[in-house]
1. Just one of I123, I61, I105, I92 is in contact with a Pro (Cβ under 9 Å, 6 or more places away or on another chain), surrounded by 12 or more Cβ atoms within 10 Å (Cβ to Cβ) and assigned to a strand (DSSP E or B); which is it?
2. Could you grab me the full set of residues in the stretch 82-106 that are under 12 Å from V120 (Cα atoms) and among the hydrophobic types (A, V, I, L, M, F, W, C)?
3. For the stretch 126-139: of the residues being hydrophobic (A, V, I, L, M, F, W, C) and surrounded by 17 or more Cβ atoms within 10 Å (Cβ to Cβ), which is farthest from G58 (Cα to Cα)?
4. Within the set of pairs 6+ apart or on separate chains, which have a first residue in the stretch 35-46 that is surrounded by 13 or more Cβ atoms within 10 Å (Cβ to Cβ) and in a loop (DSSP other than H, G, I, E, B), a second that is among the hydroxyl-bearing types (S, T, Y) and modelled with pLDDT of 90 or more, and C-beta atoms under 7 Å apart?
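The values are calculated or read from the model by the stated rules, or taken from the named source; none is laboratory data. Computed from a prediction, not measured in an experiment: that's the story for all the values here. Cβ atoms come from the backbone with ideal geometry, glycine included; neighbour counts cover every protein chain shown.
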Amino acid sequence: MKARIFISIVLCIACFSACEKKEADNEFSNQITLGTGLNHSNYFELSGESSDFYRVGGSAIIYVRVESTEDIAGNPILLEFKTLDNSLINSISRPSTQDYGHILISSFEWMWTAGTYKVVAYIVQGDDKKFVAETVFTVH
């Protein structure tokens, strides 16, 4: 009888441990990836990942993937475009399309002059913005 109770307890603990949803601490990282398009096999990935882009007809379409260790939780992502000395050029807000998740995929059209710039991503929660990541890119 004691053996059955012991086995039942062990099975219950094993079941709860196996069924419990866990996110690994390092499953997501704070990063921005830029590219020339979407991977049509996996829409959470970009194709043509690069930090160099070329203007065609005066502009360049650049795809952006923002990944956050923190759940974006349906909040918009603010992208700030800056010169390398941190002068703000422009900012755009991208809405989150779901109320949970760690990844946002979007795009923007670069219409400013050629040069090297940085894009900084923030999660916007009300009047607060929380830094996620930044990356440098060059437009030719």
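1. Values: I61 fails: in contact with a Pro (Cβ under 9 Å, 6 or more places away or on another chain); I105 fails: in contact with a Pro (Cβ under 9 Å, 6 or more places away or on another chain); I92 fails: in contact with a Pro (Cβ under 9 Å, 6 or more places away or on another chain).
Of the residues listed, the single one that is in contact with a Pro (Cβ under 9 Å, 6 or more places away or on another chain), surrounded by 12 or more Cβ atoms within 10 Å (Cβ to Cβ) and assigned to a strand (DSSP E or B) is I123.
2. L84, L88, I89, I92
3. Initially, the stretch 126-139 is screened for residues hydrophobic (A, V, I, L, M, F, W, C), giving 131-133, 136-137, 139.
Those left that are additionally surrounded by 17 or more Cβ atoms within 10 Å (Cβ to Cβ): 132-133, 137, 139.
Working: V132: 30, A133: 27, F137: 17, V139: 11 Å.
Filtering first and then ranking leaves V132.
4. Sorted first by the residue in the stretch 35-46, then by its partner, the pairs are T36/S47; T36/S50; T36/Y63; N39/S47.
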